[in-house]
Amino acid sequence: LLIAGHETTANMLALGAFALLEHPEQLAELRANPDLMPGAVEELMRYLSIVHIGPVRTAVADVEIEGQLIRAGESVTVSVPAANWDPAKFPEPERLDLTRRTSGHLAFGHGVHQCLRQNL
């Protein structure tokens with residue numbers, strides 16, 4: 001855990017600062033209300049999604065997902081940015097909104113595959 005995620009943490013800090021500079025109205029709101037910080041961090045992780053590809057999985061049997069047939073032996077992966085920008089979960093996902101309730105983003109994965117570095 002000591003070195004886990006040091007690169008992605010550094011990248012997230014830099015990209016988060018850049019995103020706030022690109023959205024000065026959001027930066028001004030954060031400066032005016034520092035209590036927004038915990039939610040702002042979550043929203044920045046959702047908005048930026050610095051890890052783009054989830055783990056590769058191989059189908060052990062034919063399965064259909066949303067009308068798409070995946071045959072046994074075929075591999076699939078998850079696009080984290082696509083999930084974090086899903087308008088069904090996050091209205092206006094392309095808009096950075098530090099007041100958004102951003103529970104459920106996949107920046108750190110999910111379940112047993114959740115990232116160990118999330119507390120950094």
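Over the Cα atoms of segment 6-110, the radius of gyration divided by the Kirkwood radius equals 1.09; this is the Rg/Rh ratio. Using the Cβ-Cβ distance between residue 25 and residue 101 with R0 set to 30 Å, the FRET efficiency from 1/(1 + (r/R0)^6) comes to roughly 0.95.
The residues packed around residue 48, meaning those with a beta-carbon under 15 Å from its beta-carbon, carry a net charge of -3 if Lys and Arg are +1 and Asp and Glu are -1. A full extension of the chain between residue 11 and residue 75 corresponds to an added length of 20.1 nm, given 0.36 nm per residue minus the alpha carbon distance. Label positions at residue 62 and residue 86, each projected 7 Å from the Cα along the C-beta direction, are separated by 2.6 nm.
Values quoted throughout were computed directly from the atomic coordinates according to the rules given, and no laboratory measurement underlies them. Since the structure is predicted, the reported quantities are computational estimates derived from the model, not experimental observations. All Cβ positions, glycine included, derive from the backbone under ideal geometry; neighbour counts span all protein chains shown.
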